[in-house]
1. Given a Förster distance of 35 angstrom, what is the FRET efficiency for R26 paired with I190, based on the Cβ-Cβ distance and rounded to 0.05?
2. Accessible area of H82, 1.4 Å probe, to the nearest 10 Å²?
3. Using a basic spin-label model with each label point 7 Å from the Cα along Cα→Cβ, how many nm lie between K1 and T57?
4. Given the C-alpha atoms of the chain, compute the convex hull and give its volume per residue in Å³.
5. Could you give the dipole magnitude of the range 66-207 about its Cα centre, charging the beta-carbon of Lys and Arg +1 and that of Asp and Glu -1, in debye to the nearest 20?
6. With no solvent and one equal point scatterer per Cα, compute the Debye intensity ratio I(q)/I(0) for the range 35-92 at 0.22, 0.25 Å⁻¹ and report its log10, rounded to two decimals.
7. Which sequence of I190, I22 reflects their accessible areas, 1.4 Å probe, from the largest down?
8. Assuming R0 = 35 Å, can you tell me the calculated FRET efficiency for the pair L205 and E45, based on Cβ-Cβ distance, to the nearest 0.05?
Amino acid sequence: KERYNIIKHQREIAKNEEIPSIEKYRLKPNSMQERFIANLRKILEQGEERALLISATGTGKTYASAFAMRELGFKRVLFIVHRASLAVQAKKSYQRVFGNSVSMGLVGAGYYEYDKDYVFATVNKDAHLQRYKADDFDCIILDEAHHSSANTYQKVMNYFTPRLFLGMTATPDKRTDSDDNIYEIFNHQIAYEIRLQQAMEEELLCP
């Protein structure tokens, strides 16, 4: 059912363009992305406000989050990364999933596109934070969430009050910033976990 709905929405978006994009029309979720969305739906229904996606590099975390935002109906989203090049890359992936159905912008590293539905941002300046009210976003996605105990990410988590904080990482056990437990930060709510071995078994990666 999850796969059917996602593919149906994807095709509707592709057909809305003057010249439908074959790439967008054919875009469909992989097994990890479907299960992740189904589990995330359950976590939200239980009233939880934080969730973690643990997913090996190359399994499609960014697309998984884009499909989830669309299928779960999040209207305003902040996607946080720690490098500007990653923000640009994430925005391109989201545009393939959403087409022109939401407005998207970049903040940080010389970009100031604050008033968009979906904002892709780096978190190095407090001035960017202060452009928003605490409840401006329905969902805040923290990419490379093993850094979420760092001051830059904690500032964001302490300031905003979204319906959901979604962390995404391939390496949840990495200790780069402090001894804080990443699982605790996300209330031990793991929406999905796929490690390298399983990703290879399911043929989600190239050789």
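1. The formula returns an efficiency of 0.70 here.
2. 80 Å²
3. Here the answer is 3.7 nm between the modelled labels.
4. Cα-based convex hull of the chain, divided per residue, equals 124 Å³.
5. Using Cβ point charges on Lys, Arg, Asp and Glu, the range 66-207 gives about 580 debye.
6. With one equal scatterer per Cα and no solvent, log10 I(q)/I(0) is -1.03, -1.24.
7. I22, I190
8. Once rounded, the FRET efficiency stands at 0.65.
The values are calculated or read from the model by the stated rules, or taken from the named source; none is laboratory data. Since the model is a prediction, treat every value here as computed from it, not as a measurement. Positions of Cβ are backbone-derived with ideal geometry, glycine not excepted, and every protein chain shown enters the neighbour counts. Just so you know, the surface numbers come from the protein's heavy atoms only, side chains and all, with ligands and any DNA or RNA stripped out. Shrake-Rupley method; radii C 1.70, N 1.55, O 1.52, S 1.80 Å.
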